[in-house]
Amino acid sequence: MAEKSDKKPRKSRKKVAEPRGLTAAQVAAESAPAPIGRLTSEIEADGGAVIGVYREPLGGSWQVLAALPIELVQPTPYQRDLSETHVARLAEAMRRLGRFMDPVIAVRAAEREYWTPNGNHRLGAMRALGARTLVALVVPEPEVAHRILVLNCEKAHNVRERAFEVIRLAEALVELDDRAEKSYETEFEEPSLLTLGCCYQQNGRFSGGAYHPVLKRVEVFLGQKLSAALKIRRERAERLLELDQAVKEAVDGLKARGLDSPYLKAFVLARINPLRFTLKRGQKADFDETIDKMLVSARKFDAGKIKADQVARAGGAAEE
């Protein structure tokens, strides 16, 4: 019988974050700056009611907790479309609980008009329940309304929704501040979403999720002004849609041979992807060179050489 060891198991050492932000007393500081005073006056003039003014605890920014007439609150015009299924689920949960527990974030866009960048489904649920009032954290900085993906906490975005939101936002920002695309990294999150967004605008059924892994390895934020960068994005979208047509023809060839699987597109893309074994983690490849190679390979794809067991072993992500 083996002897028991007297050594105690080593405890894993978790890195503890350094304390940061405000104390509770600092969050509740009473002397608000002049812009917050103006905002509270505007909220009250719009028919809203100020519940409280405070500094958020992490960065110390001033915010107003307010009750707003629900008809004054709208989603930002460039965010994803509403999911009626999610709205119905939220409304039923609120009805059963009898409470609205999660304030939306809002910015005052104009007189008697507030935009919420992350509360559209909660707003829809409250309207479905006939609510008169919405509680919101009103922030004075209008640029918060542009940070949709960072703020979203309601329903996970899929690639299509993220891409649509980003391209709509980019088109709106061109008119407001046409600075370099790369200066909007926080707002856009990923450069690949801009190109995919242009694809979806031309073809709403485009299977962007299949191309997203490749694009993440070839796309970077561009140094050109946003207006010029959008032209490049649309040109890249044309190339991607051309590639998608060639991939579709290859998939059709496999289906004609009796091969049937939800992973056929992923299988073809894996076979024609030149980056699979040549690019190290963290490295970026050239967009045009990569798409050119994939296009040539897709057009040369020989369905007659593919066996059923190869497709079965490949698996991968099904089309959206």
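Rule-based calculations on the coordinates, nothing more; no lab input. Keep in mind that what you see is a predicted model, and the values were worked out from it rather than measured. Here the Cβ positions follow ideal geometry from the backbone for every residue, glycine too, while neighbour counts run over all protein chains shown.
Max-minus-min Cα coordinates of the chain on each principal axis give 74, 73, 44 Å, with the largest extent listed first. Our summary gives segment 218-320 a relative contact order of 41 percent, counting only alpha carbon pairs under 8 angstrom and 6 or more residues apart. Basic side chains Lys and Arg get +1 at the Cβ, acidic Asp and Glu get -1 at the Cβ, and with that the dipole of the chain about its Cα centre reaches some 1880 debye. Ordered by the count of other Cβ atoms within 10 Å of each Cβ, fewest first, 222, 39, 58 give 58, 222, 39.
By the beta-carbon count within 10 Å of each Cβ, the least crowded to most crowded order of 135, 107, fewest first, is 135, 107.
Summarising the strand pairing of the chain, around 75 percent of its internal DSSP beta bridges are antiparallel. Ranking 285, 40, 138 by Cα position along the charge dipole of the chain, where only Lys, Arg, Asp and Glu carry charges on their C-beta atoms, puts 285 farthest toward the positive end. When its C-alpha radius of gyration is set against 2.2 N^0.38 Å (N residues), segment 159-314 gives a value of 1.11. In a simple Cβ point-charge model (Lys, Arg +1; Asp, Glu -1; nothing else charged), segment 159-314 has a dipole of about 840 debye relative to its Cα centre.
Stokes-Einstein diffusion for segment 81-230, with the hydrodynamic radius set to the Kirkwood value over Cα pairs and evaluated at 10 °C in a medium of 1.306 mPa s, equals 94 µm²/s. Calculated mean residue ellipticity, 222 nm, the chain: -14000 deg cm²/dmol, from DSSP H runs (n ≥ 4) at -39500 (n - 2.57) each, averaged per residue and rounded to 500. Computed over the chain, relative contact order equals 13 percent, with contacts defined as Cα pairs under 8 Å that lie 6+ residues apart. The residues 129, 137, when put in order of fewest to most other Cβ atoms within 10 Å, stand as 129, 137. Our summary gives segment 119-272 a relative contact order of 21 percent, counting only alpha carbon pairs under 8 angstrom and 6 or more residues apart. Size check on segment 24-145: the Cα extents along the three principal axes, sorted descending, read 43, 30, 25 Å.
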